[in-house]
Amino acid sequence: MKNQTFYRPRIGSVSLSVITGLYLVLFTNRTFWGKIHTYLATTPTAVAALYLAISVLFVAFVTAFSAKYVIKPALIFLILSAALAAWFTDTFGVIVDPDMIRNAMETTPAEAHHLITPGFLLHVLLFAIIPIALILWVRVVHRPVLKKLLWNSVTIVGCLTVFGTVAGAYSKDYSAAIRQHRDIVKSLNPVTPIVSATRYFLQAGKEARLVVKPLGTDARVVPVVNLNKPRVTIIIAGETARAMNFSLGGYGRDTNPELRKRDVIYFPHTTSCGTATATSIPCMFSQFTRANFTHAKGLENEGLMDVLAHAGVDVTWFDNNTGSKGAAARIRYVDLANSTDPRFCSDGECQDGIFLDKLDDWLNGVTKDSVLVLHQIGSHGPAYYLRYPEEFRKFGPECETAELANCKDDEIVNAYDNSILYTDHFIATVIDKLKARSDKIAAGLIYMSDHGESLGEKGLYLHGTPYFLAPEEQTHVPFLLWLDPDFTASMALDKACLAQSTNEQTSHDNLFHSVLGMMNVTTSVHDSKLDVFAGCRAGRTS
Ligand SMILES: [Zn+2]
């Protein structure tokens with residue numbers, strides 16, 4: 001056997017570096033070059049020069065790894081990173097920033113499963129596995145060490161000189177385009193995914209060593225005179241619902257047939273803190289505003305649920321999503337996403353109906369002032385069609401695959417709207433359960449979605465676009481309230497006044513302070529300016 005050898009072509013290490021560099025530039029950067037051709041359409045010579053500049057820059061970079069034992073692993077890593085990122089960038093318009101890496105790290109197997117489509121596998125075969133197989137196949141020829149150092153240096157310096165000359169000649173065009181379109185540089189593969197992953201892991205390392213600071217330990221509930229039953233607030237943390245598809249906010253299709261009949265107060269001008277669950281959820285439940293929030297601050301400070309607990313309110317979190325992102329780290333937490341109830345669950349994930357029996361049990365057990373969070377799966381994509389039961393297939397034809405590229409945009413919107421219709425039903429059902437117990441509890445409900453979704457507008461799909469680039473579709477979210485008469489009275493709230501105030505701009509910044517307001521909690525960390533109720537209550541100023 002030993003004498004039989006495969007035919008393995010021989011190739012010089014620098015030649016292999018040059019080929020790989022060019023491959024990365026030309027085959028894993030469709031989105032990047034598409035943007036360049038659009039943004040620099042008026043100066044074709046600048047476009048041509050940029051192909052040269054980026055190519056020599058990549059060749060210089062790859063050549064730096066041209067050494068024995070290093071070259072193959074390095075090239076394989078670069079190709080794999082670039083090919084994987086290219087799929088998400090080219091297919092969904094996704095920018096692979098550190099937040100996107102966090103989303104990927106915190107995703108569930110079921111969610112990941114929806115992204116592994118035939119199209120994805122074919123892409124990985126063509127753009128990663130075949131080139132990697134070729135690299136493994138060839139025999140790389142290395143020069144003796146000193147000669148190699150010299151030859152690598154000459155190649156790198158030569159490339160960088162060409163890069164400097166070309167980039168310098170067109171620097172005005174390039175810097176103007178980059179200033180105007182900050183998404184250009186962020187779609188360059190594999191630079192963006194590698195830089196983002198490095199930044200994510202450095203940050204995650206720091207966050208792992210954080211010590212949580214207590215918050216609002218002075219909190220207490222102001223007792224309500226003449227109320228002989230517990231006060232209950234349900235917070236429904238929505239998922240991927242965007243305001244423009246809520247008929248309560250003026251959408252042309254009737255996606256809110258049930259809530260329309262439930263006397264809810266809808267805030268049509270609400271913006272999210274982030275464009276992804278991993279940012280929005282911890283931000284919503286923290287005392288920080290969007291302007292002040294960072295992921296690390298969210299983790300190192302107690303949040304809304306902790307302040308409520310300090311006030312003596314019973315707090316619980318039911319999750320049918322990817323977890324509370326730290327918001328429920330110190331309170332009772334029930335994971336429903338891994339349930340196996342065949343009425344609602346299949347393939348490792350559940351529709352939001354999974355909450356309802358558990359909610360009944362919880363409501364029946366209420367003995368004191370309580371807050372319960374229901375963290376929905378809502379309209380999580382790309383498999384919108386899996387989010388609702390058969391009865392909610394109202395808008396059709398629906399996109400019935402996670403491979404969005406195989407559906408027309410209106411089919412994607414149909415499936416998405418059906419998922420909103422089901423969320424409408426879900427919220428209305430929770431309201432009805434509260435109403436049915438009005439002899440035993442005084443109840444309020446608050447619903448707020450974590451972020452919106454792109455459904456093909458501006459060529460974008462899904463969500464997670466960096467906030468400064470994010471379109472309104474991803475940041476304009478539905479927010480609504482429902483309060484029963486006793487709960488309203490227990491807040492000394494003028495509901496007509498509150499309904500009037502909904503014309504004002506609201507955001508995730510309001511959740512923390514408004515829930516404290518709803519539960520009649522006083523504490524030094526409550527900011528009445530951010531409490532949507534504060535201006536419409538008699539007799540209380542904070
Ligand atoms: Zn989300």
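Here, each number is a calculation from the coordinates, and none is a lab measurement. Since this is a predicted model, take the numbers as computed values, not measurements. Neighbour counts are summed over all protein chains in view; Cβ atoms, including those assigned to glycine, are modelled from backbone coordinates with ideal geometry.
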For residue 333, residues with placed amide H under 5 Å, excluding near neighbours: 317
Charge context of residue 323, other residues only, Cβ under 9 angstrom, K/R +1, D/E -1: -2
Part-to-part distance (alpha-carbon centres) for the range 479-518 and the range 401-448, which is given in Å: 20
Under 19 Å from the Cα of residue 495 - lysines, other chains or at least 8 residues apart: 261, 435, 529
Between helix 191-208 and the chain: long-axis angle, C-alpha atoms, 0 to 90°, nearest 10: 50
Cross-link pairs beyond the 19 Å C-alpha cut-off, checked among 213/325; 358/394; 35/408: 358/394; 35/408
Beta bridge orientation in the range 229-536: antiparallel %, DSSP, nearest 5: 30
Positive minus negative residues near residue 410 (Lys, Arg vs Asp, Glu; Cβ under 14 Å): -4
Centroid-to-centroid separation of the range 26-45 and the range 246-290 [C-alpha atoms, Å]: 37
Nearest 10 degrees, 0 to 90: helix 13-27 Cα axis against the chain principal axis: 40
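Can you give the percent of C-alpha pairs in the chain whose distance is more than 38 Å?
So the pairs more than 38 Å apart make up 38 percent of the total in the chain.
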Geometric extent, Cα atoms of the range 229-536 - Rg, Dmax (angstrom): 18.2, 54
Computed P(r) (all Cα pairs; the range 242-384; 5 Å bins; percent): 2, 9, 14, 16, 20, 20, 14, 5, 1
Point-to-point label distance, residue 394-residue 26, nm (Cα→Cβ direction, 7 Å offset): 5.3
Nearest-20 debye value, the range 38-142 charge dipole, Cβ charges on Lys, Arg, Asp, Glu: 560
HN-Hα J in Hz across the range 435-449 - Karplus 6.51, -1.76, 1.60, θ = phi - 60°, x for Gly and Pro: 4, 4, 10, 5, 6, 9, 9, 9, 10, x, 9, 10, 10, 8, 7
Table column - 3J(HN,Hα) (Hz), the range 356-369, Karplus curve with 6.51, -1.76, 1.60, x for Gly and Pro: 5, 5, 5, 5, 4, 4, 5, 4, 5, x, 5, 10, 8, 3
For the range 370-426, alpha-carbon Rg and Dmax in angstrom: 12.2, 46
Gain in span if fully extended, residue 126 to residue 244, counting 0.36 nm per residue against the direct Cα distance: 38.7 nm
Alpha carbon centroid spacing (whole Å) that separates the range 325-370 from the range 156-225: 35
Antiparallel %, DSSP beta bridges [both residues in the chain], to 5: 35
Computed lengthening from residue 341 to residue 356, 0.36 nm per intervening residue step minus Cα-Cα distance: 4.2 nm
Cα-only Debye scattering, the range 404-454: base-10 log of I(q)/I(0) at q = 0.17, 0.30 Å⁻¹: -0.67, -1.14
Charge-dipole axis of the range 10-206 as Lys and Arg at +1 and Asp and Glu at -1 on Cβ define it, positive-most pick from 39, 169, 94: 169
Any cysteine of the chain lacking a neighbouring Cys Cβ under 4.7 Å - listed by number: 159
Under the Karplus curve 6.51 cos²θ - 1.76 cosθ + 1.60, θ = phi - 60°, whole-Hz ³J(HN,Hα) for the range 505-521, x wherever Gly or Pro sits: 6, 10, 6, 4, 4, 7, 4, 3, 6, 6, 5, 4, x, 4, 8, 6, 8
Residue order, fewest to most surrounding Cβ atoms within 10 angstrom, among 370, 66: 370, 66
The range 10-206: mean projected area of Cα convex hull, nm²: 12.8
Label-point separation in nm, residue 108 to residue 469, each point 7 Å along Cα→Cβ: 2.9
Cross-link partners of residue 368 among aspartates and glutamates (Cα-Cα below 12 Å; sequence separation of 8 or more within a chain): 314
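Which value at 222 nm does the chain reach when only helices count, each DSSP H run of 4 or more adding -39,500 (n - 2.57), with the total divided by all residues and rounded to the nearest 500 deg cm²/dmol?
-13500 deg cm²/dmol
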Cα-centre dipole for the chain with unit charges at Cβ (Lys and Arg positive, Asp and Glu negative), debye to 20: 2620
Full-extension gain in nm, residue 182 to residue 218, via 0.36 nm per residue minus C-alpha separation: 8.5 nm
